[in-house]
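Everything on this sheet refers to the single structure shown next.
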Amino acid sequence: MRIMAMLALAAAMAGAAPAAANLVVDMTFAEKMAQSELVVIATATANHRRSRETWSSTATLTVLRTLKGEAGPEIEVLTSSRIAEMDPHCCEVGATYLMFLSRLPDGRLASVHGAFGMVQIGGRPNAIQVVPGPGL
């Protein structure tokens, strides 16, 4: 009887898929637009990194174009998340981003969908590019 119980437990555990529990799937462009209060193309001008424990790191960006909502010439966005899979991995100073943003209850702007809501579309203007030579 004890062997049967152990076999049943092993079979139940084999069917579990813990790796899929943290999977974040990108939304369609239309879904991100619908969930966003503000959609902009903007260039990062400053990072304000704070302790990871506070989850309040931000970046300042110069707005180049507003696609939805209303924005001033500069915005400040959150660049960290308490949920690792939803961390936007943003913003490299000098890089340009397409940002799908929502306003949190405290008024701060945040990505609507983690890294999928802050997409880098242009690199730093003076970035060095390494081009492989012959034979590499």
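Values as computed for the structure displayed
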item	result
Contact order normalised by residue count of segment 26-122, Cα under 8 Å, 6+ apart, percent	31 percent
Student exercise, segment 26-122 dipole from Lys, Arg, Asp, Glu Cβ charges, in Debye to nearest 20	100 debye
Packing-based ranking, highest mean first, of 105-114, 67-76, 89-98 given that Cβ atoms within 10 Å are counted	89-98, 105-114, 67-76
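FYI, it's all coordinate maths here, none of it is from the lab. In this text the structure is predicted, and so the values were computed from the model without any measurement. No Cβ is skipped: glycine too gets one built from the backbone with ideal geometry, and neighbour counts run over all protein chains shown.
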